[in-house]
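Read through the structure below, which is laid out as structure tokens, and then see the notes.
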Amino acid sequence: MEKQERDMKECPIGVFDSGVGGISVLRELYKIMPEEDYIYFGDSQNAPYGTKPLEEIRRLTITNIESLLKQGVKGVVVACNTATAAAVRILRGMYPGLPLVGIEPALKPAALQPGHPTVLVMATPMTIQGDKYKNLMMRYEKNADIIGLPCPGLMEFVETGNTEGEDVRQFLENLLSPYLREVDSIVLGCTHYPFVRALIQQLAGERIRIFDGGNGTAREMRRRLEAAGLRTTRSGLGAVTFENSLAQQEEIELCRTLFQKKWP
Ligand code: DGL
């Protein structure tokens, strides 16, 4: 038994997303737990999730978790706001005892800024329509004016590795310019968007603060693993393995590039 527990500690952490976006969360995990091993799975073949029906997102999410569990992960990070919104409650029921952490838009720190700020939440259509987001909004509507902005089409740029091009800049400008005068902060409510954060900040200007939930999610996973006694005892750098449902070498290379990309 003792040996089994010790072995469990040395298992990798599973992280998945509808595509390459969840690598923004993986980076935060790796920053605070570099000695852990990770398996990152991106379901790029079925991306985007954010414009799919709820039942389909749930089915895909469960398939992703099952495939990570088969590979012996000791915990799972749902590094996708859309999958979390669609399925996290069901997942907790299905996998009791598994350290399982989802991500939701970082509305709390944005809304709790002083002076009743106006907050723009950028996310997928599915996330904005979901009950989870509605509940989150209700919790903070006393503190801030909250505008939900569905951004269909934005994740596709990141999926092709385009995070700096003129076309993505133009797309963001069209999307954001009607709001920029009135908002005080922007929440990146989709894990693909931190990869275009530099462009968003450029368009928004220094006055507008940008929030993203990746770091909070990583810290929550660390807490959960510590509480379960599942942190590795190794020191040194762990291994990061990338898998993608497109099963093409270019996709794995894109994952590595995004993982190492210089962060603004
Ligand atoms: N990265 C996903 C999220 O955080 C969504 C992208 C998509 O598949 O639509 O919501």
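Each reported figure results from applying straightforward, stated rules to the coordinates on display, with no laboratory input. Keep in mind that what you see is a predicted model, and the values were worked out from it rather than measured. Positions of Cβ are generated from backbone atoms using ideal geometry, with glycine treated the same way; all protein chains shown enter the neighbour counts.
Points to keep in mind about this one:
- Computed FRET value (nearest 0.05) for MET138 with ARG219, which takes r as the C-beta separation and R₀ as 30 Å: 0.75
- Taking the Cα centre of the chain as reference, the dipole from Cβ charges on Lys and Arg (+1) and Asp and Glu (-1) amounts to some 900 debye.
- With contributions of -39500 (n - 2.57) from each DSSP H run of at least four residues, the per-residue ellipticity at 222 nm computed over the chain stands at -13500 deg cm²/dmol.
- Scanning the chain for trypsin sites (Lys or Arg not before Pro) in DSSP loops with at most 12 neighbouring Cβ atoms within 10 Å leaves 1-141 as the longest stretch between them.
- Cβ-based charge dipole, the stretch 106-238, positive-most Cα from GLY213, GLY153, PRO194: GLY213
- Magnitude of the charge dipole for the stretch 129-197, about its Cα centre and with charges confined to Cβ atoms of Lys, Arg (+1) and Asp, Glu (-1), is about 380 debye.
- Nearest-20 debye value, the stretch 1-125 charge dipole, Cβ charges on Lys, Arg, Asp, Glu: 280
- With at most 10 other Cβ atoms within 10 Å, longest stretch of the chain clear of loop GluC sites (Glu not before Pro) (DSSP): 1-181
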